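What follows is a short report on a single structure.
Readers should treat all values here as calculations from the given coordinates under stated rules, not as data from a laboratory. Nothing here was measured: the structure is a model prediction, and the numbers come from that model. So basically every Cβ, Gly included, is an ideal-geometry build from the backbone, and we count neighbours across all protein chains shown.
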Amino acid sequence: MTAIEEKKADLNENIMILTGNHAAAHAFRQAKVGVISAYPITPQSPVVEKIAEFIAEGKLKARFVKVESEHSALAVCCAASATGSRVGTATSAHGLELMYEMLPWAAGNRLPIIINLATRSLGAPWSVWTDHSDFITIRDVGWIQFMCENNQEIYDTNLQAFKIAEDPRVYLPAIVAYDGYILSHTMMPVKLENQDKIDEFLPPLNHHINLSDISQVKGIDPVTTPHIVKRTEGTAPGYYEYRYALQKSLESSIDIIKEVHDEFARKFGRSYGNGIYKKIQTEDADTIIFAMGSVSSQARVAIKKLREEGLKIGIVSLKLFRPYPFKELREFFKDKENIIVFDRDIGYGYEGVLSYELKAALYSLKERPNIKGFIVGLGGRDVKTEHIITGVHKALDEFKQGIFTNETDFLGLRLDELSDYDESTYFKRG
Amino acid sequence: MTDSKKDYQKILGSVQKPVIGEAGKTGTWSSKKPIIDLSKCTPVKSGKPSCFNCWLYCPEAVVSRTIPPQIDLEHCKGCGICMEECPVKAITMEEVKSE
């Protein structure tokens, strides 16, 4: 066999046509996750269905714990992780919200659990389609949060997430998110890597706690006082010190996230910007579109047309949402003129979360860029190229006029199609 | 904290270790104290490690599994469960005199 033929055979062996959900499942299989506990929810369910298949076929030696709710699923994950096992689950929307109570426990105990989130909008009204509302609600609990743009990235980010989360300098849980249906149910070629190379990249977990050894650790999480406790058996930190440590580890994890991303890139030949954000045609650009996931994918199409109009425009697609990479973003945006943010979410009662967080991060710059935020695509409404183009034009126009506002601006609303909508058909008023 | 690890990297999970008097001197809470009549106590009478219901049932783990059983009055909350459980009624609860 010639070298080229050998390479071809290797590729054929490893490239598969996979949905985003199945890409995540394959990553779990190859990461050799030990315990999985999950509850079905659309559009995530195929992740854990596939994992259950792998276990049944003997391709993954893991324990799949069936539970009655997402709250229990993450409770099982926390307990299993505390015994020193590699642990993961997957969920969407209200599943994540039901897990919410357990999320800060996982972070506070520094348990390196991985959740795959196929994003889905929150009810009411009931919807199963994508937006990033679920993803943003957990931003204040201490998890590392990644957003992906294609199925290969889902697979790669999962493998990186385990390594980052399990790093002794980190020990934090992480969530890998991707748009429901747009990625979760769309098939793309995904290169699955050689198992030996993955084992080398991702050695077995060496956990800081290991409840399976009762002679070492009797339990975790005693009532922790506001003050430091000094006893003959040893000094114990107060709650405040634990939470300081959690925050500082999150802040410093950005360096480790970059490090692991670079190591992955060297080993497997694929990279995603700097592991924090991806730049698309930003070299000569004075105007930047700032977005996440499916929205930045669509913006890639929009900037082609906008560049034909003569605009010097590029995209920054945020990959790492928490810890928020304020230093990196400040450094990147310091000599840009205009930023147009497209949020597939709302911090209800204020504005799009990406928009207001970026404004806050850039506040310390001497010369601040113009920033305008738009809301797009809630509840799976298509984010179209023309919406992004309209948004860019409108924002640039407002900047020229010196209009700056925090009020939300919705793109792609179809109120014009509601002329015959009569609510009294549905609701009787007394 | 002298080694190269940053201070926050040394504080990870809140871990439980069994200690005496985690909640302070709980013995000061009680209004009654258990007194064991050793002439009735089964392990003392038999001279063999036996019965130990007081040790088994004490919710505060202040009774020792020894002959004779010892009660740590500094941490005994005076609940009276040992008196209730003692099969030979060797334990009585006596009033604590307030000073």
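For A:K61, give me every one of the lysines with a C-alpha distance below 17 angstrom, ignoring sequence neighbours fewer than eight places off in its own chain. Partners within reach: A:K32, A:K50. Peptide A:226-239 shows a mean partner chain C-beta count of 2 within 10 Å per residue C-beta.
With a Förster radius of 45 Å applied to the C-beta separation of A:H185 and B:E60, the computed FRET efficiency comes to 0.20. Counting every other Cβ atom within 10 Å of each residue's Cβ, A:R300, B:R65, A:R266 order from fewest to most as A:R266, B:R65, A:R300.
With K and R counted +1 and D and E -1, the other residues having a Cβ less than 14 Å from that of A:Y100 yield a net charge of -4. Counting, for every residue in B:13-25, the Cβ atoms of other protein chains within 10 Å of its Cβ and taking the mean gives 6. Calculated FRET efficiency, A:A265 to A:R169, Cβ-Cβ distance, R0 = 25 Å: about 0.80 to the nearest 0.05.
Taking other residues whose beta carbon is less than 15 angstrom from the beta carbon of A:V170, and scoring Lys, Arg as +1 and Asp, Glu as -1, yields +4. Here each label is just a point 7 Å from Cα along the line to Cβ, and for A:E53 and B:E85 those points are 5.4 nm apart. Strictly over 31 Å apart at the Cα level, which of A:K218/A:K319; A:K305/A:K336; A:K267/A:K372 would you flag in this model? The pairs that break the limit, which is 31 Å between Cα atoms, are A:K218/A:K319; A:K267/A:K372. Extension gain for A:T385 to A:V229 (0.36 nm times residue separation, less C-alpha to C-alpha distance): 50.3 nm. Working from label points 7 Å from Cα in the Cα-to-Cβ sense, the A:T83 to B:K48 distance is 3.9 nm.
For the stretch A:278-416, the orientation-averaged shadow of the C-alpha convex hull comes to 8.4 nm² (one quarter of the hull surface). The dipole here belongs to the stretch A:278-416: it is taken about the Cα centre, uses +1 on the Cβ of Lys and Arg and -1 on the Cβ of Asp and Glu, and is about 400 debye. A helix-only calculation puts chain B at -3000 deg cm²/dmol for mean residue ellipticity at 222 nm, using -39500 (n - 2.57) for each DSSP H run of at least four residues, averaged over all residues. With R₀ fixed at 60 Å, the C-beta to C-beta distance from B:L73 to A:E200 puts the FRET efficiency at about 0.50.
With neighbour counts taken as other beta-carbon atoms within 10 Å, the residues A:R86, A:R29 rank, fewest first, as A:R29, A:R86. Mind checking Rg over Rh on the stretch B:42-99, alpha carbons, Kirkwood formula for Rh? Dividing the radius of gyration by the Kirkwood radius yields 0.97. Checking the cross-link filter: which aspartates and glutamates have an alpha carbon closer than 19 Å to that of B:K89, excluding same-chain neighbours under 8 positions apart? Within the straight-line limit of under 19 Å, B:K89 reaches these aspartates and glutamates: B:D37. Per-residue shielding of A:218-224, expressed as the average number of other chain Cβ atoms within 10 Å of the residue Cβ, stands at 4. In a simple Cβ point-charge model (Lys, Arg +1; Asp, Glu -1; nothing else charged), the protein assembly as shown has a dipole of about 1360 debye relative to its Cα centre.
Among the GluC sites (Glu not before Pro) in the stretch A:26-135, those placed in a DSSP loop whose Cβ has at most 10 other Cβ atoms within 10 Å are A:E57, A:E68.
Each stretch of four or more DSSP H residues adds -39500 (n - 2.57); spread over every residue of chain A, this sum gives -12000 deg cm²/dmol at 222 nm. What the Cα atoms of the protein assembly as shown give is an Rg and a Dmax of 29.5, 103 Å.
When DSSP beta bridges are restricted to pairs lying wholly in the stretch A:278-416, around 15% turn out antiparallel.
Simple spin-label estimate for B:D37 and A:F404 gives 8.7 nm between the two label positions (7 Å along the Cα-to-Cβ direction from each Cα). Cysteines in chain B that lack a partner Cβ within the 4.7 Å cut-off: B:C41, B:C51, B:C58, B:C76, B:C79, B:C86. Electrostatic bookkeeping for A:V87 treats Lys and Arg as +1 and Asp and Glu as -1; over the other residues with beta carbon under 12 Å from its beta carbon, the sum is +2. Amide hydrogen proximity for B:S14: with H placed 1.01 Å from N in the peptide plane, the residues at 5 or more positions away or on another chain lying under 5 Å are A:D221. Phi angles across the stretch A:249-261 convert, under the Karplus curve 6.51 cos²θ - 1.76 cosθ + 1.60 with θ = phi - 60°, into 3J(HN,Hα) values of 5, 4, 4, 7, 5, 4, 5, 6, 4, 5, 4, 5, 4 Hz, Gly and Pro given as x.
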